[in-house]
1. Looking at E173, is it under 12 Å from the mean Cα position of the chain (by Cα) and in contact (Cβ under 8 Å) with a residue 40 or more places away in the chain?
2. Which one of these does K186 not meet: (1) modelled with pLDDT of 95 or more; (2) over 26 Å from N9 (Cα atoms)?
3. When you look at T108, is it in contact with a Gly (Cβ under 7 Å, 6 or more places away or on another chain), in a helix (DSSP H, G or I), of a type in the set (S, T, Y) and in the same structural domain as S157 (by TED's automatic domain parsing), yes or no?
4. Taking the condition of being under 15 Å from E68 (Cα atoms), of a type in the set (A, V, I, L, M) and modelled with pLDDT of 90 or more, how many residues in the stretch 1-46 meet it?
5. Which numbered condition trips up K55, out of (1) of a type in the set (D, E, K, R); (2) modelled with pLDDT under 95; (3) within 20 Å of the chain's Cα centre (by Cα)?
6. Inside the stretch 187-211, can you point out the residues that are surrounded by fewer than 17 Cβ atoms within 10 Å (Cβ to Cβ) and either out of contact with any strand residue (DSSP E or B) (no Cβ under 6 Å at 6 or more places or on another chain) or polar (S, T, N, Q) (or both)?
7. Looking at the stretch 161-186 only, could you name the residues that are aromatic (F, W, Y) and surrounded by fewer than 22 Cβ atoms within 10 Å (Cβ to Cβ)?
8. With respect to E49, determine if the residue is more than 25 Å from V113 (Cα to Cα) and modelled with pLDDT of 95 or more.
Amino acid sequence: MRKMKLTYNQFEILLEIERNKMKLSQRELAKNTNLSLGTINKTVSELLEYNYIDKNNLITKKGLEALEPYRVKRAIFLAAGFGSRMVPITLNTPKPLVLVNGKRIIETLLDAVVKAGIEEIIIVTGYLGEQFELLLKKYPNIKFVYNAKYNEANNISSAYLIKDKFANSYVLESDLLLYNSKLIRKYEYQSNFLGKYVDMSDDWCLETKNGIITKEKIGGYNCYQMYGISYYTEEDAKKMEIDIDKVYNMPGGKEKYWEQVILDVYKKNYQIAIRPCYEGDIVEIDTFNELKAIDKVYDV
């Protein structure tokens with residue numbers, strides 16, 4: 001018999017219950033999932049009826065089986081760039097390996113991936129790529145892919161090299177300082193992109209309608225400031241493999257950012273959801289001055 005597909009609300013509540021591994025009240029579930037108490041009560045009743053949870057709000061074997069089709073299989077890190085705005089610190093060190101308060105930037109992401117139980121890790125390297133091998137001591141299951149074109153094409157050249165690996169995968173920019181490790185999850189329901197809602201932004205941001213991204217742009221009002229952490233289902237990954245190839249090989253394609261394939265050039269082929277994050281969850285360090293403001297060891 002074919003397994004029943006979870007609804008979004010069922011998935012989010014079941015995921016929260018599985019992740020906490022302890023009894024949570026309906027109010028705690030509402031707070032943790034940003035769903036209304038009424039929605040929580042209704043959905044918990046459904047999960048009980050299907051025997052996905054027990055009377056103590058703990059996940060059952062059947063519940064774990066229901067989550068399994070949504071398991072994240074791998075994490076792909078894009079780490080080939082030079083990081084020119086971080087000069088002089090990046091003259092000898094790739095930006096993802098820069099220490100911030102004693103910890104390499106990329107390790108804040110890698111630790112979250114490991115904590116979530118995602119075993120397959122791919123890092124696409126380029127500039128000073130050999131330095132990333134020092135990560136193997138702590139993360140021995142990393143596989144490296146070298147992008148020889150990192151200096152002559154944008155990051156779509158990295159996506160092109162691993163275009164057959166996007167299914168059930170996170171894609172992460174490697175220069176994000178992650179403070180909220182819970183953003184990296186063992187399971188994901190749908191293709192999505194992380195963003196923080198802002199009244200106004202002069203940075204890359206996303207317009208949405210009914211929770212689906214409709215436009216990527218620079219600057220805007222009442223939009224989501226985008227962060228480079230996203231996830232893709234197997235269904236979308238099959239289309240991405242074709243579309244990345246098309247864009248990479250079209251005139252001017254090598255100058256594009258890889259996510260423009262799905263959020264701009266071929267956006268009609270996709271329904272990418274926005275996954276909200278909040279102030280303090282992630283910090284982007286774009287310049288050396290911003291680095292000095294966060295870590296005083298560089299302010300000399």
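1. So E173 fits the description; yes.
2. Only one criterion in (1) modelled with pLDDT of 95 or more; (2) over 26 Å from N9 (Cα atoms) is unmet by K186, namely (2).
3. Details: in contact with a Gly (Cβ under 7 Å, 6 or more places away or on another chain): no; in a helix (DSSP H, G or I): yes; of a type in the set (S, T, Y): yes; in the same structural domain as S157 (by TED's automatic domain parsing): yes.
Against the criterion (in contact with a Gly (Cβ under 7 Å, 6 or more places away or on another chain), in a helix (DSSP H, G or I), of a type in the set (S, T, Y) and in the same structural domain as S157 (by TED's automatic domain parsing)), T108 does not qualify.
4. Going through the stretch 1-46, the residues under 15 Å from E68 (Cα atoms) turn out to be 2-8, 10-19.
With the extra rule that they be of a type in the set (A, V, I, L, M), the set shrinks to 4, 6, 13-15, 17.
Checking which are modelled with pLDDT of 90 or more leaves us with 6, 13-15, 17.
Selection size over the stretch 1-46: 5.
5. Failing condition for K55: (3).
6. Across the stretch 187-211, the qualifying residues are D199, K209, N210.
7. Y179 - this is the single residue of the stretch 161-186 that is aromatic (F, W, Y) and surrounded by fewer than 22 Cβ atoms within 10 Å (Cβ to Cβ).
8. Values: more than 25 Å from V113 (Cα to Cα): yes; modelled with pLDDT of 95 or more: yes.
Judged against the criteria, E49 is a match.
The values are calculated or read from the model by the stated rules, or taken from the named source; none is laboratory data. These numbers were taken from a predicted model, which means no experiment stands behind them. Note that each Cβ is placed from the backbone with ideal geometry, even for glycine, and that neighbours are counted across all protein chains shown.
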